[in-house]
Amino acid sequence: MLFDTHVHLNVKQFDEDREEVIARAREAGVSHMVIVGFDHETIPKAIELAEKHEDIYAAVGWHPVDAIDFTEKELKWLEELVDHPKVVALGEMGLDYHWDKSPHDVQKEVFRKQIRLARKVNMPIIIHNREATEDIIQILQEENASEIGGIMHCYNDAPSYVQACLDMNFYISLGGPVTFKNATEPKEVAKMVPLDRLLIETDCPFLAPHPNRGKRNEPSYVALVAEQIAALRELTVKEVQEATKKNALRLFGLS
């Protein structure tokens, strides 16, 4: 009943036990996962895993931290990959002002190019945002991203920005931080987002939910995210599981 909309099972942290992690996710009730590729190494691995497992899908995009390495060659590559039957979204893409590898203007241009590609191929996008919310919203508005919509991945920003995201046809996805005891804003967001626009994720191997905080995250832990949201909204866990799965299937165009 659980749909983990954002996992990185394609990274080295899972090289020793990847198949066991996938098996644990299924045992925990995870019926679908989207593996997100974000560079030369992780994109092919995401597609390979999606081809191998019926319940796993892939997203392909270019991470803003590495925007400086993005050329027309990479843009053409992404356009070719979206035709793959297991690729359901473009991303993750966006802006990251925490790290300084790629200048902000380069990040913005690469972000815009990927949005334009997504509109061209009519595919939803997955947004990575770190310390860049106002610029991200402005670019999404200017590039008419509402035509395709997508996901505000691992939303960890002020509740005041939620409505602008919803108005642009985006879903709000919550992960491990909503379970952190001192995380007041994600909890507030969890209570205010309309149930038909809410998604859940792990972003594994990062941001493991309480009580596993600080450990390697994995898709089976998405159940803890659903449980926390259910408690905050005074719903049953089943209601949250069903709603978030239905939303994900709708967004990604899956039956």
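When the range 47-60 is filtered for residues that are over 17 Å from CYS154 (Cβ atoms) and either within 15 Å of the chain's Cα centre (by Cα) or part of a helix (DSSP H, G or I) (or both), the ones remaining, listed by number, are ILE47, GLU48, LEU49, ALA50, GLU51, LYS52, ILE56, TYR57, ALA58, VAL60.
If you go through the range 47-76 and keep only what is farther than 24 Å from ARG130 by Cβ, small (Gly, Ala, Ser) and in contact (Cβ under 8 Å) with a residue 40 or more places away in the chain, you end up with nothing. Considering (1) within 28 Å of LYS245 (Cα to Cα); (2) among the aromatic types (Phe, Trp, Tyr); (3) surrounded by fewer than 23 Cβ atoms within 10 Å (Cβ to Cβ), the lone condition that TRP62 does not fulfil carries the number (3). For beta carbons closer than 6 Å, sequence separation of 6+ or different chains, a first residue in the range 1-13 that is touching a residue at least 40 places away in the same chain (Cβ under 8 Å) and a second that is surrounded by fewer than 24 Cβ atoms within 10 Å (Cβ to Cβ) and in a strand (DSSP E or B), the qualifying pairs are PHE3/HIS32. So, in the range 201-231, exactly how many residues are in a loop (DSSP other than H, G, I, E, B) and touching a strand residue (DSSP E or B) at 6+ places or on another chain (Cβ under 7 Å)? So the count comes out to 5. For the range 1-30, a tally of residues being aromatic (Phe, Trp, Tyr) and either closer than 18 Å to LEU224 by Cβ or not in a helix (DSSP H, G or I) (or both) returns 1. For the range 196-210, the tally of residues that are touching a Leu at 6+ places or on another chain (Cβ under 8 Å) and over 24 Å from GLY37 (Cα atoms) stands at 1. Flag: ALA243 matches the condition of being within 26 Å of LEU90 (Cβ to Cβ) and at pLDDT 95 or above.
The values are calculated or read from the model by the stated rules, or taken from the named source; none is laboratory data. Treat the numbers as computed from the prediction; the structure is a model and nothing was measured. Every residue, glycine among them, receives a Cβ derived from its backbone with ideal geometry; neighbour counts consider all protein chains shown.
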